[in-house]
Amino acid sequence: MEALYDAVAPVVGGAADVLPVAGQTREVGHFNVFNVADLMLDYRSRPPMTFDRRTFYKISLMRGRSRVEYADQAVEVAGQALWFASHRVPYRWVPYDLDQTGYFCVFTNEFLGPVNGGLVLQELPVFQPGGCPVVAVSDADYAALEAIFEKMARELGAGYAYKYDLLRAYLLELIHAGQKLQPVPIPAPAPNASVRLATSFADLLERQFPLETPQQQLRLRTAADYAGQLAVHVNHLNRVLKDTTGLTTTALIGSRAAQEAKMLLKQTNWTVSEIADSLGFADVAHFCNFFKRQTGLVPGAFRE
């Protein structure tokens, strides 16, 4: 079956997409809930969709055989799962058959703004680019999560004057329920100066992505660029990264650029020349040689 990248299903209730007007409303941002079973009704006739890079977050409760692809990873779903997705990492959902049920909701960071209490969505473990966003759930957990989605769906279509406040509360409950299902991390020791520098480098590297349009170009491309931004000597940065990660600065930059190239080849219609230019390569031949060293394939063969 063909893939759905960021599916737009028949709406359950109505979308909250309201800007604040003084004295009239406090609703901000966008929120909507969808029923997976409704989505599957006309699935065969719907063309595959491209990944939507707008600033939406998405939480999906799934039951059925399917595959979740995110970045350059894939997770097989054999039964029930909860999936957290964000605009920072390209993704798609590939159902293996029409026997799919569950719910998903989409929302913006602004929607939670009035009640997030300092919570930053992109800093939560479930929305981290390097984490595993798909968690298998038990029957009991599935029933509890399904109840939250059903409350959100009912409230979205209701006329209660404070329904958006209630929807925000349900959404926070859903996020925290998902966080509790994540594997418990092992407490890390307090970071030393080298670890802090390596972490700062990793954060700076990740902030260069994703590339949104063919006209966008990487701001930092070389080890010297990153060293200058971090106010350290390039040799010191190389030594720290080699000690903490086992890789040089150039190798880490190249690996992340290759990952972005794979995502762009797989999930956009950009030309190889456009991808090469956005990633800062002087010409297509240089990019093709780089990509083959990283993946063993030339860009055209990888895309096919």
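The values are calculated or read from the model by the stated rules, or taken from the named source; none is laboratory data. Only a predicted model underlies this, so the values are computations on that prediction, with no experimental measurement involved. All Cβ positions, even for glycine, are placed from backbone atoms using ideal geometry, and neighbour counts span all protein chains on display. Keep in mind that these areas ignore ligands, DNA and RNA; they rest on the heavy atoms of the full protein, side chains included. Shrake-Rupley method; radii C 1.70, N 1.55, O 1.52, S 1.80 Å.
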Self-check item: Residues of region 148-304: accessible area per residue with a 1.4 Å probe, Å²
Solution: 55 Å²
Exercise. Mind giving me the nanometre distance, one decimal, between the label points for residue 162 and residue 181, set 7 Å out from Cα along Cα→Cβ?
Key: 2.9 nm
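On a full-extension model of 0.36 nm per residue, what is the gain between residue 140 and residue 200, subtracting their alpha-carbon distance, rounded to one decimal in nm?
Working: separation 60, 0.36 × 60 = 21.60 nm, distance 4.01 nm.
Length gained, residue 140 through residue 200: 17.6 nm.
For residue 284 and residue 193, what is the calculated FRET efficiency with R₀ set at 35 Å and r taken between the beta-carbons, to the nearest 0.05? It would help to have the intermediate numbers written out before the result.
Details: r = 41 Å, r/R0 = 1.17.
Plugging the Cβ-Cβ distance into 1/(1 + (r/R0)^6) gives 0.30.
Return the subset of 58/151; 58/262; 58/180; 180/242 for which the Cα-Cα distance in this structure is over 26 Å, preserving the input order.
Values: 58/151 17 Å; 58/262 22 Å; 58/180 17 Å; 180/242 34 Å.
Over 26 Å apart, Cα to Cα: 180/242.
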Quiz item: To the nearest 10 square angstrom, how much accessible area does residue 98 have with a 1.4 angstrom probe?
Solution: 70 Å²
Quiz item: For labels at residue 97 and residue 255 in the simple 7 Å Cα→Cβ model, what's the distance in nm?
Solution: 3.9 nm
Quiz item: Leaving out ligands, DNA and RNA but keeping every protein chain, what accessible area does residue 242 have, in Å² rounded to the nearest 10, with a 1.4 Å probe?
Solution: 110 Å²
Practice problem: Check each of the GluC sites (Glu not before Pro) in region 163-260 and keep only those in coil by DSSP with at most 13 other C-beta atoms within 10 angstrom; list them in order. | Solution: 212
Quiz item: Whole-Hz Karplus ³J(HN,Hα) for region 30-42, in order, using 6.51 cos²θ - 1.76 cosθ + 1.60 and θ = phi - 60°, x for Gly and Pro?
Solution: 9, 8, 7, 10, 10, 9, 5, 4, 5, 4, 6, 4, 10
